[in-house]
Structure formats: C-alpha cells, structure tokens
Ligand SMILES: *Cc1c(COP(=O)(O)O)cnc(C)c1O
C-alpha cells in the first residue's frame, strides 16, 4: 500500500502464476509447460536472425504488425491474415479482448471453475463478472449461458478444454452458443486444444461473434518466447489492433516473430510432441487410477485428480519434499481436494507415480 498508488491499483487482486523455482533436478509438473523441447527450427531461425550482421538487426524495431507470423498462422489454419491477431503470449491477447470486446454494460459470463486470470482482467478493466457454476461432474453446461437462463450478457469466455479440469466441450455445443448469442462476443480460450479437443477455428468463417485464442506456450513448447494469437472475424481483429496500438506497438520482438514462424511451419514436430504427451497422459491416468485416485477425463496436457483417502495439500507438500511440484488450488472450495498435475515425460511421470505410491501407502 502506498499513498502514491492510483485508486485502481488499490483495488486490484493480481493473478498469481505457478512458481518457477530455480532448483536443479526438480520434477516440474505445476505450470503445464511442454516436457519436450520446441522444434529445432525455432533455435535455428532465432540464431539466423541474431547472426545477420552480428546482431545488427536488433538495432531496428520489429515489424509492429508481425506480418510474417500472421501470414504463417493464417496459412496453417487456411485463413486470411486479416483474421489473425498476435500478441505477447495469449494472456496479452486475452487482456486486449477483455478491453476491446468483452467490456460492456452487461456482465461477462465465465465458469466458476476456470482460468483464474479471467476475474483478474475483469477487475482490471472494471467488467462485472458473473460466474456460472460447472455441473456436478465439472462440465460446462451451455444451456446455463443461453439468454433465457443467464439473461443479458456483455460477453462470454471459457477455456476449451477447460482449465484446471481438462474437460472438453464438443464443437456442436459451442456452435449452439454462438447461434443463441449473436450479439455477444464468445471467446474460446484454446490453450490446451491440441492435446485432444476440437478447435473452434473452423467456426470462425460462419460466426462473426467468435474469437478463438491459442498459444505457442503449451503444445508448441515455447512458453519462454511469449507468443499467442487470436482467430476471428476481421472486425474483431481490428478491435484488438486498436487496443494493442493504444498500448504497445511492438509486443512481439524480432526473435519471437521468426521463432514463431519456424514453430508453426514445423507441423510434423508439433504433431509428434502432442501425440507423445497424449500417450504419456494415458499411461499417467491409468497409473493414478491404480493408486486409488479419481481422475477427470482430460483432453489437455495435465490431469485433475483427487484421492479419497488423502488431503490434496498434504500430498502436494509430500511431493515437494521429494522435489516434485504439482499445482494445488485452495480456492474455489469445490476443487480444494484436487491436484492439477502436468503431464511430464515418461520418466517424470514414473517418478511422480512412484512417489505417490510411497506417500499414499505410508
Ligand atoms: C497457459 C494458459 C494461457 C496463457 O498462456 P500464454 O503463455 O500467456 O500464452 C491462457 N489460457 C489458459 C487457460 C492457460 O492455461
């Protein structure tokens, strides 16, 4: 607290990211990064950018529109570059969407159990949040978002697959929502879609109220590069550009632009990494189930699990003593008995399962 702070800053409750400890030999399963590296073409492209004139290119500002990256993303999805927006991680893309597309006089609808950045952005931009409870099985029920149940809405946002539950929604349900709410922007946050859900990108051409947000941080193993993007009708993209150009004209630096292009163009590497994560996830789910855990069906690169005989905070603490970190959310109450565990390499998952076996039978 300081008398020098703005009134807004006094009211903020900032997001708390999962920790990034600087300990060696840690089995880090707490922030859903990829356990495998990015395409080797990413480092090659970044090195080539740096090598040109001995770093001489860094003297100049990057392309404010990151056209090469937008074009590469558009090609990948079979779209026009005018349907693509890029930002410094998808969190920044989401922030601009909150300000440019979701800030209205009516409330913003999102699930009670969801990405905890949504209420933070709502607070930052003075948007009234209205949380919609998941059903008893932790599923998003689209009926609860329709006008006759939820009333007036200024916008809707949810992750698909949802975080931290990992559950995916079928495309037909998203289409039904888009049709029932033609005057309201629906943001589908697809941070984890590549691990087993259907992307709503194919609906962008038919629905001018849909914004699909994706990131290079998870399935393209580039959390450290900070590249995210949105796909939507050119009018929605223009709104995001207007916000971006009123905030920071150069959110993507030269290295992020060339690295991002290389990553999206190496489709074989990407598919292979996603397939390995899915295989590792399936093995992890069956091992956890064997230890007595109840595991939510996951379409993501993490699993959401609880053990009927053990307190989740206690399990997380006991894992930490063995240098394994997972994520435990104390709030909301409904999920306090769960752990969210990132799918690691086969070796990391093996270490986790061995540790849990020792802890739960001790
Ligand atoms: C990880 C994540 C993001 C943000 O990722 P960036 O690294 O900022 O691109 C957005 N939404 C959800 C649900 C996430 O889990």
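The values are calculated or read from the model by the stated rules, or taken from the named source; none is laboratory data. Note that the coordinates shown come from a computational prediction; the quantities given were computed from them, not determined experimentally. Don't worry about glycine lacking a Cβ; one is built from the backbone with ideal geometry, like all the others, and counts go over all protein chains shown.
Data overview
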{"read-out": "Qualifying position, being at pLDDT 95 or above, in a loop (DSSP other than H, G, I, E, B), touching a helix residue (DSSP H, G or I) at 6+ places or on another chain (Cβ under 8 Å) and surrounded by fewer than 24 Cβ atoms within 10 Å (Cβ to Cβ), among 178, 169", "value": "169"}
{"read-out": "Residue under evaluation residue 256, criteria (1) touching a helix residue (DSSP H, G or I) at 6+ places or on another chain (Cβ under 7 Å); (2) part of a helix (DSSP H, G or I); (3) crowded, with 22+ Cβ neighbours inside 10 Å, criterion not met", "value": "(1)"}
{"read-out": "Number of positions in the stretch 105-116 that are under 18 Å from residue 190 (Cα atoms) and surrounded by 19 or more Cβ atoms within 10 Å (Cβ to Cβ)", "value": "6"}
{"read-out": "Condition check for residue 55: assigned by TED's automatic domain parsing to the domain that holds residue 176, closer than 30 Å to residue 263 by Cα and surrounded by fewer than 17 Cβ atoms within 10 Å (Cβ to Cβ)", "value": "yes"}
{"read-out": "Residue 361 being at pLDDT below 95 and surrounded by fewer than 22 Cβ atoms within 10 Å (Cβ to Cβ)", "value": "yes"}
{"read-out": "Those residues of the stretch 141-155 which are surrounded by 12 or more Cβ atoms within 10 Å (Cβ to Cβ) and in a helix (DSSP H, G or I), in sequence order", "value": "142, 143, 144, 145, 147, 150"}
{"read-out": "Given (1) within 10 Å of the ligand (Cβ to nearest atom); (2) in a loop (DSSP other than H, G, I, E, B); (3) touching a residue at least 40 places away in the same chain (Cβ under 8 Å), number of the condition residue 224 does not satisfy", "value": "(3)"}
{"read-out": "Residue that is away from the ligand (no atom under 16 Å from the Cβ), touching a strand residue (DSSP E or B) at 6+ places or on another chain (Cβ under 7 Å) and either assigned by TED's automatic domain parsing to the domain that holds residue 98 or within 17 Å of residue 300 (Cβ to Cβ) (or both), where the choices are 211, 231, 240, 236", "value": "236"}
